[in-house]
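What follows is a short report on a single structure.
Throughout, read-outs are computed from the coordinates displayed, never taken from laboratory work. As the structure is a computational prediction, the values presented were derived from the model and not from experiment. In this analysis, Cβ positions are derived from the backbone assuming ideal geometry, glycine residues included, and neighbour counts consider all displayed protein chains.
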Amino acid sequence: MTSGAFVGPDVPALPDLQNCIHCGFCLPVCPTYIATGQELESPRGRLHLIRAALDGRAEASGRLLAHLDLCLQCRACETACPSNVPYGRIVEDARAATMARGVRARPRSWSMRALTLRQVIARPRVLRPAFALLRLYGRSGVQRLVRGPLARLLPGRLREAEAQAPAPSGRPFRRSGVLTAPEQRRGRVAFLTGCVHGELYPSMHEATVRVLARLGFEVVAPLAQACCGALHSHGGDVEAARDLARRNIAAFDDAGEGAGVDAGEGAGIDAVIVNAAGCGAAMKEYGRLLRNDVEWRDRAERFATSVRDVLEFVAGQDFAAGLGALDINVTLQDACHLAHAQGIRDAPREILRAIPGLRLHEMATPDRCCGSAGFYSVAQPEMSRTVLGAKMADVESTGATVIATANPGCTLQLENGVRGSELLAGRAAVQHVIELLDASYRAGG
Ligand code: SF4
Ligand code: SF4
């Protein structure tokens, strides 16, 4: 399909763009507009550029891509918009339909990103050894030297990149099959273990499985599952995202078989549980991602309705019995893809407020992006740092020493923020809400 300057199956839909009434309510919540004050780095400005390209009044060029690439895809603008403009999908489509023309005017870091996504993130056989090397780098003490006495010898950009490198700890979570089978089974759920998540933050997965087991759910993790494809989709590589979506739908449907309930797709599974907000948001949109695939679209729609963020799922259960006290001061960072993309704000707060002794101190703007945004912190380090700086100032003003999150990308970014904060370095920790709930259960015996 061709429309204006865009080509391919993902040309943005004109009715979506026509919803914009140019009111500008989205501007004050947009981190890139706040940072630059430039209309073209605001949601309204980007929509204007996309509409011009759609109408054929402007080229879908490298210049357009540059403005789209500076967007964090945090979707705060969608929450603020009184006209329900589906900004996230318009930008994803515009990016894909520009790249379908062969436009590749991105800096080299974006090409590296595409290569990394296809050849490393989506391939466990490459990803796992890469993380093993990172683990060795951290444990051997070399990282401490590089971040300490040797830091001034490194060129600036390399030093910045190294400072953002993850420091995986503990044994990676690579389990599959039946993870827990409680005696008093109330239900059965399937669990997305994801690509990077289990390598980087195995403790989040362990805590998730323990909490679900405590609530009486058998947890299964299909061996054939794959990366959710969110980062591919955001980057405009929608074909790779579609391949991953098909693999996941098939894998999770198979996980339902043999559960002894109904036959058929997803049989016996109460929900597909995801503990990474970005992955959950992407999987809830598989129906749209595969909308042009006649063979898969109905199955994708059905699958999408079974996906639940773990906090959304737990808050819907009778979870408050047996909680022990945690004497901590906590602030909650609303993951963008939980609050803005999935509309889930109450569940994490409900869980945190139920924990005895835990004091929740809200930030002024808890749902403002932290600047992580998948690969954004690597591809757009300057803007990412600016956005993180504002976030850390907000965190510091709360007096909390635990930052609760619901997404591993936010955890990684906020850990970097804590390391760089004079007030919080060495004093504060970043934890998933589910880890705090798990710690409370353990404190309660
Ligand atoms: S998604 Fe976030 S960064 Fe992008 S335009 Fe909307 S508010 Fe701004
Ligand atoms: S708030 Fe919505 S309608 Fe108003 S300018 Fe932004 S996108 Fe357009």
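For Ala364 and Thr36, what does the FRET efficiency come to when R0 = 22 Å and r is the distance between their Cβ atoms, rounded to the nearest 0.05?
Efficiency at R0 = 22 Å is approximately 0.60.
Explain nothing, just the number: relative contact order of segment 177-315, from Cα pairs under 8 Å at least 6 residues apart, as a whole percent.
Relative CO of segment 177-315 lands at 24 percent.
Does segment 143-283 classify as rounded, prolate or oblate by the C-alpha gyration tensor (a ≥ b ≥ c root eigenvalues; a/c under 1.5 gives rounded; else a/b over b/c gives prolate, otherwise oblate)?
oblate
Using only DSSP helix segments of four residues or longer, with each worth -39500 (n - 2.57), what per-residue ellipticity at 222 nm results for the chain after dividing by its residue count and rounding to 500?
Taken over the chain, the calculation gives -13500 deg cm²/dmol.
Using the Kirkwood formula on the Cα atoms of segment 269-350, what hydrodynamic radius do you get, in angstrom to one decimal?
Final number for the Kirkwood radius of segment 269-350 is 14.3 Å.
Under the Karplus relation 6.51 cos²θ - 1.76 cosθ + 1.60, θ = phi - 60°, what is the ordered set of whole-Hz ³J(HN,Hα) values for segment 403-418, x standing for Gly and Pro?
Values, residue by residue: 9, 8, 9, 9, 7, x, x, 5, 4, 4, 5, 5, 4, 4, x, 5 Hz.
Identify which of Asp69, Asp367, Asp298 has the largest mean-square fluctuation in a Gaussian network model of the chain, with springs joining Cα atoms closer than 10 Å.
Residue with maximal mean-square fluctuation among Asp69, Asp367, Asp298: Asp298.
Which semi-axis lengths, in whole Å and largest first, follow from the square roots of five times the eigenvalues of the Cα gyration tensor of the chain?
33, 28, 22
Working from the pairwise distances between different alpha carbons, so that the mean of 1/r is found and then inverted, what is segment 1-66's Kirkwood radius in Å?
By the Kirkwood definition, the hydrodynamic radius is 12.5 Å.
Just Ser140, Ser233, Ser384 to compare: in a GNM of the chain, with alpha carbon springs under 10 Å, which one fluctuates most?
Comparing Ser140, Ser233, Ser384 in the GNM, the peak value goes to Ser140.
Pop out the ³J(HN,Hα) list for segment 308-320 in order, Karplus 6.51 cos²θ - 1.76 cosθ + 1.60 with θ = phi - 60°, rounded to Hz; leave Gly and Pro as x.
Values, residue by residue: 9, 5, 4, 6, 4, 5, 5, 5, x, 9, 7, 9, 7 Hz.
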